[in-house]
Amino acid sequence: MRGQRKWGASYMNNPIVSKKKWHKQARIDRITQWIVSVPPHLFLVFFLVLPACIMVLASLRYPGEFGGLAPLWKTPGIHGVAGLTLENYRFVLGDLVFVEILLKSAWIAFITTLLCLVLAYPLALLIAHRPKRQRELMVLFVILPFACNFLIRIYAWIIILGPFNLLYSPFAVIIGMVYVHLPLMVLPLYTNLEKHDPLLLDAARDLGAHAWQRFWHLTFPLSLSGIFAGSALVFIPALGMFAVPELLGGTGDIMIGNLIKEQFLESRDWPFGATLSLLLTVTVLAVAQFSARFTQRELT
Amino acid sequence: MAMHIDIPVIAKGGLTLLEMRNVCRRFGDVVTADNVSFTIEVGEFFSLVGPSGCGKTTLLRMIAGFDSPDSGDILLDGKSLLRVPPEERPIHTVFQSYALFPHLTVAQNVAFPLRMKGYSQHTINTRTAEVLMHVALIGKADYLPQALSGGERQRVALARAIADLPRILLLDEPLAALDAKLREQMQVELISLQRKLGITFVFVTHSQAEALSLSQRIGVMTQGRIEQIDDPARIYGFPKNRFVADFIGHCTLVSASVTAIHASYLSLATEKLGQILAPVTTAVCVGQQGWLALRPEQLRIGRVGEFSHFPNRVRGKVDDFLYIGDVTTYIIELDSGLRVETMLANSAPGRVHFFDEGEVVELAWPAEVGCFLHE
């Protein structure tokens with residue numbers, strides 16, 4: 001559709017292209033679009049849609065004796081379908097402890113996002129105001145931690161926090177979470193701030209705006225889309241994070257990610273793990289939807 | 001009344017508002033302000049013209065506060081502005097690219113300087129509506145800038161800059177991005193707005209026509225120097241030197257030397273035009289070398305012998321002509337090889353026909369026109 005419209009425009013502007021030729025070109029265009037977009041579509045179907053369906057189905061089954069799922073024919077069913085049950089959902093929603101852990105995870109993810117924002121904003125602003133060569137170098141420094149293995153970096157924090165007696169506390173979890181996610185906040189903020197026209201700041205200054213006024217009336221509102229993008233990039237993975245609380249947190253600092261991991265690896269209750277996963281997925285989708293709406297409003 | 005913003009009283013008759021005193025500024029080897037001194041009076045429409053890179057924008061930036069002179073002083077009401085940051089100067093700028101805030105509506109853009117100053121919401125609303133009325137944009141108050149046409153954006157930029165009635169409004173080539181028709185319309189609006197508000201306008205342009213039609217006084221600049229400051233008629237009629245004569249309007253320049261001084265005329269010897277009579281416009285002495293500047297409209301074009309009563313006559317043949325509509329411009333190649341530009345109004349009474357290419361004609365002018373310029 002989009003290709004067609006584009007060709008339509010060029011046909012209008014270019015009388016040398018005959019109508020017949022245009023139709024032919026439009027068809028080739030459409031076919032090319034299909035061919036190019038098939039592999040990513042296949043990838044998404046096999047590695048996102050199908051697993052998601054498997055998860056939904058698994059959440060409706062009984063657990064197997066030693067992990068996995070119980071065979072369909074050995075278990076009672078609902079509505080005449082053998083081996084299916086709503087027991088897992090009843091259990092999750094019936095016991096407030098799971099919702100509580102989800103809410104606590106969301107709270108930790110929120111605090112992480114907020115701290116990342118507060119720390120990343122001045123840094124992104126600083127980088128955006130440097131000369132071009134320095135900017136590239138500084139951005140390289142921001143993403144440099146990615147070059148090192150994720151778990152090794154978390155272990156490093158054990159070594160750092162250990163002597164201060166700060167390990168295995170919510171504080172340690174937050175530090176680890178902020179550290180891990182900070183680059184994800186800096187990058188979208190920087191890309192946004194870098195695009196701001198410096199002339200606008202000059203104009204604001206000329207019209208009587210002092211430094212703080214220039215920030216609150218210009219830089220900040222113009223960077224809202226970057227803030228939302230960065231916050232989504234931090235909040236969503238932070239919500240499902242299990243490695244950081246596992247390594248840096250105490251027994252009380254369990255997050256929903258740890259709970260899910262536990263169901264699959266330790267309790268061997270796959271259907272219940274699948275149910276919790278779905279709960280997390282639904283929460284993330286709701287948050288993403290919410291922030292997308294905000295971002296969109298910002299952009300239009 | 002909640003309106004605390006009063007329109008400043010215009011004191012006519014040369015009350016100095018802004019003074020540039022021996023302002024110098026250089027960027028590396030490039031001198032963008034070379035000992036510039038001039039004053040701008042209250043309520044004046046002052047223009048700075050000059051070719052690109054002559055330093056006029058640098059002067060404007062120094063007045064606004066975004067740049068400061070290496071030496072010299074800038075005074076507003078007799079007080080130095082040098083230590084006052086741009087946000088505290090009662091001077092606003094209309095930028096060439098408008099620099100409208102994209103996330104604010106037209107009304108919010110216009111209200112911006114009022115909000116920064118902390119006026120009450122009521123004052124802001126009344127004043128914004130009033131200013132939008134001035135620029136005929138009251139119906140577009142809730143539009144975002146990107147939904148506006150070029151001319152409307154220009155008017156928003158203007159409205160925003162005058163909203164809190166600055167002492168001086170700086171306009172940096174504000175009409176350059178508009179098409180010819182709109183530019184003319186905006187010129188008229190600019191003048192009427194300036195008269196209505198009484199704000200002092202400092203207008204920077206590279207278009208000499210714009211400067212001539214808008215300003216009360218013009219400063220002609222080149223290479224960081226102010227060559228001449230005068231009212232438009234004097235700038236055009238009595239340019240001080242070769243650069244001003246050449247930059248403002250069209251003109252033919254021939255090198256000349258003074259051979260005699262009469263009561264009100266000079267006798268000039270020129271290589272290309274022969275012996276010429278010209279009016280005395282500056283102090284000269286016999287033997288002085290200089291330039292004779294002749295404007296196209298000052299020269300009469302006719303058949304050989306038609307102008308026997310004029311003291312200055314030269315012969316040549318029509319090399320080319322350009323029909324412009326109201327006038328036709330002729331390029332006459334003289335016997336001496338000099339090409340002279342002249343024009344003839346197409347509605348001139350008594351005009352019989354255009355002169356053809358190659359036709360031998362005579363150019364003539366009275367002793368009262370022309371201008372002798374020092375080297």
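The values are calculated or read from the model by the stated rules, or taken from the named source; none is laboratory data. As the structure is a prediction and not an experimental result, all values here were calculated from the model. Here the Cβ is made from the backbone with ideal geometry for all residues, glycine too, and neighbour counts use every protein chain on show.
What to note about this one:
- Members of segment B:307-336 that are within 14 Å of B:G358 (Cα to Cα) and outside any strand (DSSP E or B): B:D335
- Every condition in (1) closer than 29 Å to B:Q146 by Cα; (2) within 12 Å of chain A (Cβ to nearest Cβ); (3) touching a strand residue (DSSP E or B) at 6+ places or on another chain (Cβ under 9 Å) holds for B:D67 except the one numbered (1).
- The listed residue being within 14 Å of another protein chain (Cβ to nearest Cβ) and touching a residue at least 60 places away in the same chain (Cβ under 8 Å), out of A:H210, A:H196: A:H196
- In the set B:S264, B:S336, B:S255, only one residue is farther than 29 Å from B:L212 by Cβ, among the polar types (S, T, N, Q) and not assigned by TED's automatic domain parsing to the domain that holds B:M221; that residue is B:S336.
- Residue check, A:T251 of a type in the set (S, T, N, Q) and more than 14 Å from chain B (Cβ to nearest Cβ): yes
- Within segment B:102-115, the set of residues being surrounded by fewer than 23 Cβ atoms within 10 Å (Cβ to Cβ) and either facing chain A (nearest Cβ under 7 Å) or in contact (Cβ under 8 Å) with a residue 60 or more places away in the chain (or both) comprises B:H103 only.
- Which listed residue is out of contact with any strand residue (DSSP E or B) (no Cβ under 9 Å at 6 or more places or on another chain), of a type in the set (A, V, I, L, M, F, W, C) and more than 13 Å from chain B (Cβ to nearest Cβ), from A:L184, A:L218, A:L201, A:L222: A:L184
- Scan of segment A:185-203 for residues that are touching a helix residue (DSSP H, G or I) at 6+ places or on another chain (Cβ under 7 Å) and surrounded by 22 or more Cβ atoms within 10 Å (Cβ to Cβ), ordered by number: A:M185, A:V186, A:P188, A:L189, A:Y190
- Residue match in segment B:266-288 (condition: of a type in the set (S, T, Y) and modelled with pLDDT of 85 or more): yes
- Scanning segment B:116-126 for residues that are within 14 Å of chain A (Cβ to nearest Cβ), part of a helix (DSSP H, G or I) and not hydrophobic (A, V, I, L, M, F, W, C) yields one hit, B:K117.
- Among the residues of this structure, A:L161 counts as one that is assigned to a helix (DSSP H, G or I), under 26 Å from A:L265 (Cβ atoms) and more than 21 Å from the chain's Cα centre (by Cα).
- Selection count, segment B:215-249, where residues are surrounded by fewer than 23 Cβ atoms within 10 Å (Cβ to Cβ), in a loop (DSSP other than H, G, I, E, B) and polar (S, T, N, Q): 3
Rundown of residues vs (1) at pLDDT 85 or above; (2) more than 10 Å from every other protein chain (Cβ to nearest Cβ); (3) over 14 Å from A:T112 (Cα atoms); (4) within 15 Å of the chain's Cα centre (by Cα), yes/no style:
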residue	(1), (2), (3), (4)
A:G226	yes, yes, yes, yes
A:A229	yes, yes, yes, yes
A:V234	yes, yes, no, yes
A:L247	no, yes, yes, no
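- Subset of segment B:82-101 that is under 26 Å from the mean Cα position of the chain (by Cα) and not in a loop (DSSP other than H, G, I, E, B) - its residue that is farthest from the other protein chains (Cβ to nearest Cβ): B:V94
- You will find that of A:A156, A:A172, the residue that is outside the structural domain of A:M55 (by TED's automatic domain parsing), buried (at least 18 other Cβ atoms within 10 Å of the Cβ) and assigned to a helix (DSSP H, G or I) is A:A172 and no other.
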